[in-house]
Every structure is written in C-alpha cells, then in structure tokens.
Number of protein chains: 4
Amino acid sequence: MSFQNPVFIPGPTNIPERLRKACDMSTIDHRSPLFGQILSPAREGVRKVLKSDNAEVFIFPSTGTGGWETALTNTLSDGQKVLAARHGMFSQRWIDMCQRLGLDVQVVETPWGEGVPVDRYEEILSADTNHEIKAVLATHNETATGVTSDIAAVRRALDAAGHPAMLLVDGVSSIASMDFRFDAWGVDVAVTGSQKGFMLPAGLAILGFSPKALEASRSAGLRRVFFDVQSMHESYAKNAYPYTPAFGLLNGLNEACRMMLDEGLENVFSRHNRIAEGVRAAANAWGLDLCARSPELYSDTVTAICTPRGFNSTDIVTHAADAYGVAFGVGLGEVAGRVFRINHLGSMTDVMALCGIATAEMCMVDLGLDISLGSGVAAAQEYYRMHRNSSGA
Amino acid sequence: MSFQNPVFIPGPTNIPERLRKACDMSTIDHRSPLFGQILSPAREGVRKVLKSDNAEVFIFPSTGTGGWETALTNTLSDGQKVLAARHGMFSQRWIDMCQRLGLDVQVVETPWGEGVPVDRYEEILSADTNHEIKAVLATHNETATGVTSDIAAVRRALDAAGHPAMLLVDGVSSIASMDFRFDAWGVDVAVTGSQKGFMLPAGLAILGFSPKALEASRSAGLRRVFFDVQSMHESYAKNAYPYTPAFGLLNGLNEACRMMLDEGLENVFSRHNRIAEGVRAAANAWGLDLCARSPELYSDTVTAICTPRGFNSTDIVTHAADAYGVAFGVGLGEVAGRVFRINHLGSMTDVMALCGIATAEMCMVDLGLDISLGSGVAAAQEYYRMHRNSSGA
Amino acid sequence: MSFQNPVFIPGPTNIPERLRKACDMSTIDHRSPLFGQILSPAREGVRKVLKSDNAEVFIFPSTGTGGWETALTNTLSDGQKVLAARHGMFSQRWIDMCQRLGLDVQVVETPWGEGVPVDRYEEILSADTNHEIKAVLATHNETATGVTSDIAAVRRALDAAGHPAMLLVDGVSSIASMDFRFDAWGVDVAVTGSQKGFMLPAGLAILGFSPKALEASRSAGLRRVFFDVQSMHESYAKNAYPYTPAFGLLNGLNEACRMMLDEGLENVFSRHNRIAEGVRAAANAWGLDLCARSPELYSDTVTAICTPRGFNSTDIVTHAADAYGVAFGVGLGEVAGRVFRINHLGSMTDVMALCGIATAEMCMVDLGLDISLGSGVAAAQEYYRMHRNSSGA
Amino acid sequence: MSFQNPVFIPGPTNIPERLRKACDMSTIDHRSPLFGQILSPAREGVRKVLKSDNAEVFIFPSTGTGGWETALTNTLSDGQKVLAARHGMFSQRWIDMCQRLGLDVQVVETPWGEGVPVDRYEEILSADTNHEIKAVLATHNETATGVTSDIAAVRRALDAAGHPAMLLVDGVSSIASMDFRFDAWGVDVAVTGSQKGFMLPAGLAILGFSPKALEASRSAGLRRVFFDVQSMHESYAKNAYPYTPAFGLLNGLNEACRMMLDEGLENVFSRHNRIAEGVRAAANAWGLDLCARSPELYSDTVTAICTPRGFNSTDIVTHAADAYGVAFGVGLGEVAGRVFRINHLGSMTDVMALCGIATAEMCMVDLGLDISLGSGVAAAQEYYRMHRNSSGA
C-alpha cells in the first residue's frame, strides 16, 4: 500500500498537512490557561460549523460510536422508547446500540438505498398520542449506502405530529462536508467524529446538544460516567476537562474549523457537491447504478456504486489495494458484495477525485467488467471543467 | 509558557521525538492488512510490559478514566459489591465512578499519604464469607500523593481470605515506569492510559484482562457498548476494530513498547527509581517531608512534597509557570495547597529532573521559603553521579 | 495552490512521508559518533545507487548547481579546455558556468530535443591529439527537453579516440530514478542533488568522484574552499565535516537510499519507465509530439510535450495552477512557450501520474486545444493495467 | 545520547517546535507566487534583525563557511589585500580561506581570548595611505573563545584612519542573539548561518550587503557562480532563485524572524545576556576563569571556561555525552584541552541553561576537579531569580 496515494475510504479521510502539524503537539499542561486557548475556539468553531447559536458543543476523547452512546445515555432512561429507521449499516448499528443499552426501539424497516422514511415517521409520531417515544433517531448520511436523508423533513414530521420527542441525528459522515443546520432543523443532539468532515485522525467524538437535550441530561437515567455531558459541562466552565484531554486533536479541531471558516462553509459544501457530481457522472458513464435510489438522496460525501449481478464488488476494493495501492470502501451488511464506495468526504480536490475514478476504472476493466477506460474520467473531467472555481483548492 | 522546557506534571508526560513521529501518520485503511501489523505487536508489546502470558490486552480510543469504566462495566452487574480504599484523589474518583454506575462500594477510609490498607482488606474479605464482594479495587500508584501500594500484598490478602473476588488495579501512573506483574500478582484487570508511562499523547485506555475477568465479561450486567471488551475481542480476532481505531496512537504504542523492551524493562524501572531517588534527596535537602508517609510507599513516578504550614503550595506551581515556564502538579483534594508534585513518570532523564529540581528551588526561594539555592540540586546530583548508568539515556 | 495534490514539476519532487520524518531531526552534536552513523551509510547508499565500487561520494550542503561547480573547480585549472554540448537549458547553464569560471569551453551546438552528439564528440576528441581537452561534459538527462543521452556511448567515444579527458556527467534529473552505471560507463564525476531522484528537499549537492578525478583534485587550479573535495575527504576520514553538516538531510538521504535499495534499484528504474510510458502514451493519444526527437532519447523522468504552433504552452502551466492547483513545468529557453513538462522523477505512482495526465487534459481542453477528455488517461491506464506490478507501490 | 536533553554546543542550536514545523514542508513549486510569499518576508525579517534600512539580504543554500566565501569572492579580486586578526579558530579559518582564494592577508596575531585589536587595526589602516587594503575582516563573536569584539570600534578605527576599505563581519555566532547594528556600525558585509541565532537546521548562509559592497560585486574579480550575489539579486527581483531554493528552510527563517520580532529584538538580546550572566556566575562560583580575558569581551552567546592546568578539558565534553547524554563544545585549536564551552546561543531558557550548568558540575566532580556540587547552579539560580522577566519564556 502506497502512502503517497490519497485514500477513498469513507473515513478516516485524508488529513491536510496543516492539520497534521496542528495535531502533533509537544506536551502542555492541560490545567494551564493555554489549554483554554485551544478548547474554547475549538468548541466555538464546531458550533459555527453546526450553524447553531445555542448548541453546547461536547468533545470526548472517543469516536463517533462513543458519540452515539453519549447522545443516548445522556438523554434517555432505561426502557424508554425511541424511533429509528434501519436503512444501512450505520443506522443498524445505532439501533443495535439502543437495544444493548436497554432502550425500546421501534424500528422502521426501510430498504437500503432509501432515506429516513419521513412519512412513516410522521404516522408513527402522530399515533403516539401518549408521547411514549422519547427520541427520534435519524442518520443524516448513511455511509454504507451513500444516502443523505432530509433532516428538515424529519423535523417537520415531528412538528406536524405535535410530538415533543428529541431529535438525535447521526451526522458522522455529513457534518463539516455538507450543510447541517442544527438550529433551523431543530436538532437536539448531533453526533460526529474527528476523522470525517473535520479531516483529522480518529480520536474525538464531537456533539452538539440543544438546551432541551442538555436539560434532559440532568434526569436521564442511563448510566454513564466517561460520557457524561454534565461533568464535561462543569469542567468546560473552568476551561478544563474532567480527565486528560487529547489536546493535540483539540488543537487540530480548532485549526480545522478555522480552515473551513476561512474557505467559507458554503464553499466547502459546494466543493463537496461538485466533486460528488463528478463521481456520479463517472458512474453514469460506466452504466452503473448508485445504491441511492433517487437523485434527492445522493450523498455529496460518499458514493456507493452498484456492480452488475454476479460480480463481487469487494473484488474491486481488494484489487485496487493490491494492484494500485488505492483504498476504496467495500459494501457492508445487506449490500456487501453488491456495491463499492468512493469516498469524497473531508479533504479532497477535483484532481484527487479523478485519480480515484481512474483507479476504479482500471480495476473494473482488470476484473472483466464492460467499461471503457477513460469514460468515467472524461465525464468527471467535463463536470469539473465546467464547474471549477477559481481558487484551484 | 515555554515549549522548550520539559513538563513535570504527572501526565501527560514528555513525548520522545520517536513517538511523536510514530503517532503522526498519514491516513491508512484500517480494514487493510497493514492495520493488523500495527495492532498485533502493540497489543503484544503491552502484554510484555504487563509481564503477563495470559492477559488479553484491550485498547480503547479513550483515556484512563474510560479504562476504569471498562474495567467495572465488563466485570460487574448492577448493585454488586466492591471493596475500595480512599486515600487520594484518584482512588476517590474511581470510587465515585463505582457509585455512579450503581455499584455498592465498601469504602475503606485511609489517610492520604498511606497505601492500600492491606490488613484491613484482609479482615473485610475474611469476614465476607458469602463472597458478596465481587471485586477488589486497588490503586497501584496514587498520583495525588505519590504513594505506591503493594499489589502483591493485596493478592496475598485475597488468597489468605480464600476470597474469589476479582482484583482490579489502577496502574495509570505506574505501568511502564514501575514494575508491574500482572500474572505474578494475580491481577484480573489492569488499567492505564497512553499519556503516562507509555510516553504518548492522551487518547488510549489500555487494559489487561485475565481469563477470569474476560469470562466475567460474558455475564457482567452493567451496560456498555463502546467499552465492551467482547466486541473488541471479536474484532481483534479479525485484526480489526469494532469502530474506527486511532491507528496513529496505536502505532505510537507499538513503538513505545519497542523502545522500552529495547532499553530493557528492568532498566526502565531502575532509571525511574534513580531519578526518583534524586528528587527525594532534593526534598530531604530542602527539609521538606513527602506526602507519602514511609519509604516503602515512595513512588518512583511522582513525588508529592509537603510545604510548610501556612504556605500555599499551589503558589509554587503558579509561579513556576509564570516566572520560569515550567509546569509542576498542584495538590488535589485533601492535600490541595499542602503539596506540590514533581513528576518523573514516562520519558525522563537525570538531567531533565535536575532542571525541574532547580526550578522548584528557585520558586520556593522566590516565595520566601527558607531553602538554600543549589541545595536540592546538589543532593540530586550526588545521587545521580553515584548511580549513573553508562548509556547516558 | 492545494498542498494535497502531488506536484509534477521536474524537481523538487514529491517527498514521501518516511523521508519527511527522516529529515525532520532534533539537533544532534555533529562531532559525536552519532553523526558518523548517519554520514557513512548515506555515502555508502549513494555509492550503491551509482553502481560504483570505487567512487568516493561527496555531499555538500548546496544544490545541483553547487555540484556542477564542485565538479569543475576540483578537476580543472584556469583556462583549461572542456568539451560540452548545448542542447537544452541545463547543459547551457553548465556551459555558462564553465565560462564564468574561466574555462575554455568547446561548445557543440546541438538541436534542443537531441541528445549528446556522440559522433561529433568522437570526432573532436580524435582530432585533439594534444589532449588539450581536459574534461568532457555530458548531461545525462536534459530536464528541459526530456532527453536522455547515452553516457555509455560517450565513454565509447572517449575510448575510441584514446582520449584521457575526464568524463563529467550531470545526472541531476536521472540518478536514482534511471539506471546510472558510474563504473561501467567510466564516469569520473557524477553530479546530482537531493531534491530529484532522492526524493528529498533541496539542500544537498551529491557527487561521485572516480579515483582519477580525486587525484585531479590535488592539483586542480580553480580556486574553491567551500566546495573543496580534499577538505571533505579529510574530514570524512574522521567521520566529520569541514563545517556544519545538514544532518537532517543526510539522515534523509540515508533513508532514501535504504528505501530504494529495499524496493530494488531495477524495480525503481522499471517503475519510472512504466510511469513514463504511460505519460508518453497519453501524449500520443492527444496527438502531440514530444520534444525528444526519437524514442531512444525519451526520458523516463520527465516528459516535455510540444503544443501546436500558435499556442503558448506556458498557459497550460499557469492554468493548471490557477484552476486545479496542480504544478507542471514550463518550457525553458529555446523551447519556452512551445513545450510543457510533466515530471515523473522521484516519488511517483501510476495513480499519481494519472491525476497529472487528467489535469493536463482538462487544461488543454479548457484552453481550446482539440483534445478528447479522457483520451490520454485511457491510453495511460491501458499501459499501467498491462504492466502493473503486484505491489501497488 | 538522549534526544530529550537540550544541546549546549555552539551551533547547531536547539530548534523550537514552531521552527521544526515551519521547515518541514511538502513540496511547492518554487516558480509559483507562493514562493515569493516565503522569500520576501524572510529577507525582510533578516534585514530587520540586522537593524538595517539599506542592506540587501542574500540567502544561499549553504552554511556560514559558504557565507564567508560569498563575502570575499563578491567583493574582492585576486591578490588584493585584506586586514584580519587571528584570535581564535574561526577567525583563523576565515584567514585560511582568504589565503586559499588567493588574497593577500595582513594577519594581526592576537592572543586567543582577546578581541579584534582595534588600536592595531587603526595604526595599520592609517599607515596604509595608498589604500591597498580593500577589506577589513572582523569576527564579531569568536565562537572558539567566547569573545565578543567591538565592531563599532572597528568602524571608528576605519573612520579615524579615513580609510575606504570595506568592513566584512563574521556574525555567525552573534547575529539574532546579540545586538548587531549593520547600518550604525557601517558594516559592508555581515555573514551568518541558519543554525545559530536563527535557531534553524544548518543549510543556509545568510548575508547582508551594503550598497557599497553590492557595487563592489559588479567588478570583484574572484570567480564564483554558485555564490554570485548578482545572480541572486537578479533572481530576487523576479521573486525567484537562480537555482532550486531550500524553501523549507526559508520558510523557517521567515518564521524565526517573526518569532524574534514578536518577542522583541531587545528582549531576545537581554534574554541571552541574562542567561550568559548566569553561566558566568556559575563559572565564577566554580573558581574557573573564562577564556575571554576581560568582562567587556564576554560573549552572551557562548562561554568558554578554562579548566585547571594538567586537566584535559575535552574529558568533560566526552564524559557529559557518555554519562549524561549532554553535548558541550570542546576547545579548538590553541585552546584545545584547555577550555570547554557551554553554548547559550539561539533557543534557550534559563531553565535549560541550569540543566547545562548542573551537568557540567557533575562532570567536573566526576573527573576529580575540586568543585562543590550545586555551587554553580546556585550562583546561576540567584542571577536568574533576580533578573527574571515575567513571561517565563
């Protein structure tokens, strides 16, 4: 495996130089004022990326999975009911976590390749007149299928049903690469990790809590200590941490937010959209379907591409690594062997995307698929040419 | 605060160049075989550092606090009884965690500055003929007081009482800098973090589980998902992780183990002993008592030094940072204002220790204590001269 | 300009992670034995890369230009005659240096795009019966035109003429990426720099001296102090340097040699050939001529591509930087505006090359050239597919 | 040798983190505008550090030795006369270089430990009524003896004699750590390197040329190409370099200047004075003389300490490396075996200096000198305590 080629796995993503250096710190005293100069702007930067005025940002030395656990254990009590849709590996894992934590999950089975079934959510919420459902779970971007769900619509479903349940959103593979509107969408808890849109090494769970979610954390009965947001909240007030912080990653997070805010959030999002459109143009040129079933579901951070029946899509991933030193994502769960995934989340340029497309193309030809070399590249080139921005970034 | 001076806080500790570079990795595919080449030797290295043949090593993207939670939630069930001694801030915090997790803690109040009260443990265990106590907690090195407890004696107490309780040991500020004998001492769970003896940034909880503890994890009733050792165990069997690993830190851990095994574990331990003896000689020359009440309790990784009555020891720490750019540890909890701490855990040389001693000396004189400049340094120099090893390391 | 995209300038080249870290050293005492442990294997590694048993390797804190000056001033005296061909910007610059140093250069004017005119050299040398020509200069790889000359043939010309002149070879953009046979070709001085085939930052002039050249340095009359090989020679004997060495770069050089010797020199060369063939296939697909006039002259490290008359080739380079954040080489001197250059020297993979080809393609279409998007990429893909090695490196 | 201890050799000096990262760059196109954004402020920063309004700053990928050669070859012609004093190893080496370059050096033999003999210079210059002396050489800080000479007085001697010779100053171990007044002192060429006061790795020769010196470079007859300031001058005008620049080091130089200008040049100089005073207080407490013969000659960047007759001072340096992993400077040339040197040039704090003093003390006691442990440390501590600044830097 070459360390020179970019990676195209849907996280951890490619880490820019500037962030590599920001993370690689010599030891500081995390009880000194210097630590506050790292922590505060990092939390503030995340808040801006979430487009929230009121969210309290929590950052744990953990991962997105720890973020999910933080979201659940700080807002819910043993046996409480939550509503969730299963439409991909990551929504499935979150449901599994709920069950292991002793929650009562009402699962809406949804085809993989579809988004959160908003109409079904609304029906269920409307029918729940006793408000037994305490939280609604939504996976903003299903990394397994390359499907982006409409969180604003989930909020509208809650509102239409007049339902007070909290809205917990998995934004692990969307936040910081796609538009995310914590306040406008009435999100109560948003979850992500450092190694995705924030372009850092894995090691941080990053969450936003609404005032309502923070209030819930005072009485939530599920037991937690490490992931307790109240302990964090109290420590933050003193510019401190309840245990040893990963200050290098926090410093990197601070710098990552600065990079994105300097580029402009809307520019970051449109760059991801442009790159994704190129990848989709390539798939179209290859005559391959996306796993996402309709254009409004297409993810701007990861594209899951279906391979023809009888072909094992995992072979593309194995072959790309072996023959060309390039890492793609395999299909997971229900779509294992049926899709492969090209990531364009995080730090990515048009030119990097082209080398991923070119490699996928070679692999598919090597493995006998009826694909013309250069066809996908040409389609993406055309898109990038016509939509390039001037900065070359 | 100067970034050029070493830090003397009891973790995070100074990070050697070699480990800085090992941690600072470009992104790899953690599902590729390359990851196994990092994970396996890292786990194997930790096992050797623990001096165990049978322990299963678990490494979580978390901290020592997460390690404690892992130890408890994977071995115990709601309301079960555990035995613990409170004799410093970190033993107190572990007790607090037990209580928050719903365990029934039998607390043995012990003066801060004393070690684990082994005789009292034996009495209690002997009296517990129904074996209601499921786990015995012991803090190997109380970082707050600079006290090392005798874990072999705790094991003997358990054996003398014929008690089957598991032995859970907090080795956060001892493991990898002091002798730790997982197998010989019959430890069931050992806990540490990356930012202490392993000389790495914070971000990993590192644990050893005995076969008995691993067996307990199959039925332990406390809920956990992120910290579940069974999920880890299953993933490790496939050279994988149940979620995104912090592979940079794992790579650093692998390298840290290699560094220590190259130096020789006994050499690492005797280096820490030598450095500590020098610091203690300095304290003695200053006419100041240690917080640890007797020589057999003296810690080779952190020295807590008592300041005279009426003097606020925290002033030393504040002044050292402000006037000389050097970080020491403050007194915590019951000994706040009464002790200050010089760390010698992790990556440390005699020469680095001398600059810590010299700085503390200047600070105490600046703040009006009746100390002769150079006196503590001279005492430490004499010790280092007479006990130096040839490598100069 | 994006820092994430690879560069395609013909030096400095892309620096692998491993070499970045090897160069980035904390300060050591260059008079300690440690320095010898860096210097000796670095010099030995270079000797192996040069395929020489007898060359003495000299490494100066300088650049390739300093290397040229070292080659000339240590072997020649004021007013002495040298033979050289002008067939590109770098051979021209070397001739210019000779003249500025007071040498009498017999210049063979040669079309840019041609190699060293071996037959003409032989005629001149045969005619020089008094052996007034003291040195023959040859540019192994003209970076400006992408032309590789046949150094073995130059040696045969010298031998055929029975001429004792020394053979000084500019291997700046060939050594370590192309086969170079110091001993077999009877080279007397070979010159390169750190920032080309050795994949390091600029800052080192690297030379091999034959015993004959070293002997010449005892009496060579051109004045030099900094670049004096005798001073170096004497210092090396004591594992030292005549002034402060750039030990970080030397450490990097050591590591670079190890990387290449681990990969296998022949594998390194065939990788560069494969990548170059792909780039040439792309140029052919675009219907564009190479600056190099015939296949045996084609360089495996840099390809200079002619653009159609009336088109300013520099626009491609400017546009690639502005629109796509990718750096190519402009045409220099006589071929300014007429060629642009794609570098494939140093650290490069097939996949990286594809992203350079794809970018060049977009630029040419953007600028109105009649090129089909994807055509060059497809031609290169086909070549890479059919000639890939198994390592994916 | 430990990589954790600071070094106390008189260059290369300890490199701050911030500069390590600034130097460690990925490859950029040095023909792109980005390069100008590094080069221009770096040159401007050096000009400010030199306290000059008019100097043109030249930066070569070389070392201080290359800087000397640049100074001489660009201002002088074959056989021209220069005036120089020999009073240490580095003034001796510069004289030696003059002779090797064919200059006619009038050497004023001066005891090692003395400064530039200003009165003797004035006599000689006054007597040189034909103005045959074209340049006066002065070593601002003799690194071998720890002697700082009075350059302002050299200028006064030139003026008193009404002599038009150029004033060439070796500021290798003074510039950026001691006050240097290019304009006020009428310096024509000032020379230094990156690895001293600028706190960077070796690899850059850094020079200031007065308009008069630059004018001289148009007609100076000594041959040079690599070190030609006219070629540099022309390239700088296009934000370019005549050959491949070491842009990482240039970026580091830019950052180093920024660091020093942020700290305040006068603060940098007073910090070095304070640290030096502490080292001298230690030597005094040890009862050892300095090599510098009188207080006005004492260097604030390096202290050369005389050991008693019959004792080989080099043993201290060897023993410090072997037993404690600390690097000091040996005596060189005439004072070999008679002095050892503690460097305090470049990046240094009071606390770091104390660890050097403490180590030297241990070594001397180990080797049988009649020194009290702690005595030198106490003297330095007292000085640092009484003169500390508030920033702790």
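Here C:Thr129 does not fit the description of being closer than 15 Å to C:Gln92 by Cα and either in the same structural domain as C:Gly186 (by TED's automatic domain parsing) or of a type in the set (A, V, I, L, M, F, W, C) (or both).
Only one entry of B:Phe8, B:Phe3 meets the criterion of being within 12 Å of another protein chain (Cβ to nearest Cβ), in contact (Cβ under 8 Å) with a residue 60 or more places away in the chain and farther than 30 Å from B:Pro164 by Cα, and that entry is B:Phe8. Is it the case that some residue within the range C:200-217 is out of contact with any Gly (no Cβ under 8 Å at 6 or more places or on another chain) and within 14 Å of another protein chain (Cβ to nearest Cβ)? Yes: the range C:200-217 contains one or more residues that are out of contact with any Gly (no Cβ under 8 Å at 6 or more places or on another chain) and within 14 Å of another protein chain (Cβ to nearest Cβ). Quick check on the range D:315-334. Is at least one of its residues polar (S, T, N, Q), at pLDDT 95 or above and under 19 Å from C:Phe35 (Cα atoms)? Yes, there is a match, as at least one residue in the range D:315-334 is polar (S, T, N, Q), at pLDDT 95 or above and under 19 Å from C:Phe35 (Cα atoms).
There is at least one residue in the range D:14-22 that is facing chain C (nearest Cβ under 9 Å), at pLDDT 95 or above, under 19 Å from the mean Cα position of the chain (by Cα) and surrounded by 18 or more Cβ atoms within 10 Å (Cβ to Cβ). Scanning the range B:248-282 for residues that are in contact with a His (Cβ under 7 Å, 6 or more places away or on another chain) and either farther than 30 Å from B:His344 by Cβ or buried (at least 24 other Cβ atoms within 10 Å of the Cβ) (or both) returns B:Ile275, B:Ala276, B:Val279. Of all residue pairs spaced 6 or more apart or on separate chains, those with beta-carbon atoms under 7 Å, a first member in the range B:64-84 that is under 14 Å from B:Arg100 (Cα atoms) and a second member that is among the acidic types (Asp, Glu) are B:Trp68/B:Asp170; B:Gly79/B:Asp104; B:Gln80/B:Asp104; B:Lys81/B:Asp104; B:Lys81/B:Glu132.
Among the conditions (1) free of Cβ contacts under 8 Å to residues at least 40 places away in the same chain; (2) in contact with a strand residue (DSSP E or B) (Cβ under 9 Å, 6 or more places away or on another chain), the only one that B:Gly162 does not satisfy is (2). More than 9 Å from chain A (Cβ to nearest Cβ), at negative phi and free of Cβ contacts under 8 Å to residues at least 40 places away in the same chain - does that describe any residue in the range B:33-40? Yes, some residue in the range B:33-40 is more than 9 Å from chain A (Cβ to nearest Cβ), at negative phi and free of Cβ contacts under 8 Å to residues at least 40 places away in the same chain.
Here B:His319 fulfils each of the conditions (1) within 14 Å of another protein chain (Cβ to nearest Cβ); (2) in a loop (DSSP other than H, G, I, E, B); (3) surrounded by fewer than 24 Cβ atoms within 10 Å (Cβ to Cβ) apart from (2).
Of all the numbered requirements in (1) in contact with a Cys (Cβ under 8 Å, 6 or more places away or on another chain); (2) part of a loop (DSSP other than H, G, I, E, B), C:Pro164 misses one, and that requirement is (1). The set of residues in the range D:242-271 being over 26 Å from C:Met25 (Cβ atoms) and within 14 Å of chain C (Cβ to nearest Cβ) consists of D:Pro242 alone.
Is it the case that the range B:356-376 has a residue that's at the interface with chain D (Cβ under 7 Å from one of its Cβ atoms), of a type outside the set (A, V, I, L, M) and under 15 Å from D:Asp366 (Cβ atoms)? Checked against the condition, which is being at the interface with chain D (Cβ under 7 Å from one of its Cβ atoms), of a type outside the set (A, V, I, L, M) and under 15 Å from D:Asp366 (Cβ atoms), the range B:356-376 yields no hits at all. Taking the numbered list (1) within 13 Å of chain A (Cβ to nearest Cβ); (2) farther than 30 Å from C:Met259 by Cα; (3) surrounded by 24 or more Cβ atoms within 10 Å (Cβ to Cβ) in turn, C:Gly331 passes all entries but (1).
Evaluation of A:Arg309 against the conditions (1) more than 7 Å from chain C (Cβ to nearest Cβ); (2) surrounded by fewer than 24 Cβ atoms within 10 Å (Cβ to Cβ); (3) touching a residue at least 40 places away in the same chain (Cβ under 8 Å); (4) out of contact with any strand residue (DSSP E or B) (no Cβ under 9 Å at 6 or more places or on another chain) shows that the sole unmet condition is (3). Step by step: first the residues of the range D:351-393, then only those that are over 25 Å from the mean Cα position of the chain (by Cα) and among the β-branched types (Val, Ile, Thr), then the one that is nearest to B:Gly356 (Cα to Cα). Which residue is that? Across the range D:351-393, the extreme among qualifying residues is D:Val377. Is one or more of the residues making up the range B:115-126 among the β-branched types (Val, Ile, Thr) and under 20 Å from the mean Cα position of the chain (by Cα)? For the range B:115-126, residues among the β-branched types (Val, Ile, Thr) and under 20 Å from the mean Cα position of the chain (by Cα): present. When the criteria are applied in full, B:Ser177 meets the requirement of being farther than 23 Å from A:Met97 by Cα and touching a residue at least 12 places away in the same chain (Cβ under 8 Å).
Applying a threshold of 7 Å to beta carbon distances and a minimum spacing of six or more residues, or different chains, the list of pairs starting in the range D:126-137 at a residue that is farther than 13 Å from D:Ala161 by Cα and ending at one that is among the β-branched types (Val, Ile, Thr) reads D:Lys134/D:Val82; D:Ala135/D:Thr75; D:Ala135/D:Val82; D:Leu137/D:Val82. Go through the residues of the range D:68-88 one by one and say whether even a single one is more than 22 Å from D:Lys212 (Cα to Cα), within 14 Å of chain C (Cβ to nearest Cβ), modelled with pLDDT of 95 or more and out of contact with any Ser or Thr (no Cβ under 6 Å at 6 or more places or on another chain). For the range D:68-88, residues more than 22 Å from D:Lys212 (Cα to Cα), within 14 Å of chain C (Cβ to nearest Cβ), modelled with pLDDT of 95 or more and out of contact with any Ser or Thr (no Cβ under 6 Å at 6 or more places or on another chain): absent. Residues in the range C:345-379 that are part of a helix (DSSP H, G or I), more than 23 Å from C:Lys196 (Cα to Cα) and touching a residue at least 60 places away in the same chain (Cβ under 8 Å): C:Glu361, C:Met364, C:Ser375, C:Gly376, C:Val377, C:Ala378, C:Ala379. Filtered by the rule that a residue be more than 26 Å from the chain's Cα centre (by Cα) and either part of a helix (DSSP H, G or I) or among the aliphatic types (A, V, I, L, M) (or both), the range B:206-244 gives B:Glu234, B:Ser235, B:Ala237, B:Ala240. Just wondering, is there one or more residues in the range A:191-207 that are closer than 29 Å to A:Pro6 by Cα, crowded, with 24+ Cβ neighbours inside 10 Å, charged (D, E, K, R) and in contact (Cβ under 8 Å) with a residue 24 or more places away in the chain? Checked the range A:191-207: at least one residue is closer than 29 Å to A:Pro6 by Cα, crowded, with 24+ Cβ neighbours inside 10 Å, charged (D, E, K, R) and in contact (Cβ under 8 Å) with a residue 24 or more places away in the chain.
Scanning the range B:54-73 for residues that are part of a loop (DSSP other than H, G, I, E, B) and either farther than 21 Å from A:Met232 by Cα or of a type outside the set (Ser, Thr, Tyr) (or both) returns B:Asn54, B:Ala55. Checking every residue in the range D:144-159 against the condition of being more than 20 Å from D:Leu297 (Cα to Cα) and either part of a loop (DSSP other than H, G, I, E, B) or of a type outside the set (Lys, Arg) (or both) gives at least one match. Contact map, the range D:212-233: first residue assigned by TED's automatic domain parsing to the domain that holds D:Leu103, second residue charged (D, E, K, R), Cβ cut-off under 6 Å, separation 6 or more or different chains; pairs are D:Lys212/D:Asp188; D:Ala213/D:Asp188; D:Leu214/D:Glu56; D:Gly221/D:Asp78; D:Val225/C:Glu69; D:Val225/C:Arg100; D:Phe226/C:Glu69; D:Phe227/D:Glu69. Does D:Phe340 satisfy the condition of being buried (at least 24 other Cβ atoms within 10 Å of the Cβ) and either within 17 Å of C:Pro33 (Cβ to Cβ) or among the hydrophobic types (A, V, I, L, M, F, W, C) (or both)? In short, yes.
The values are calculated or read from the model by the stated rules, or taken from the named source; none is laboratory data. Computed from a prediction, not measured in an experiment: that's the story for all the values here. Note that each Cβ is placed from the backbone with ideal geometry, even for glycine, and that neighbours are counted across all protein chains shown.
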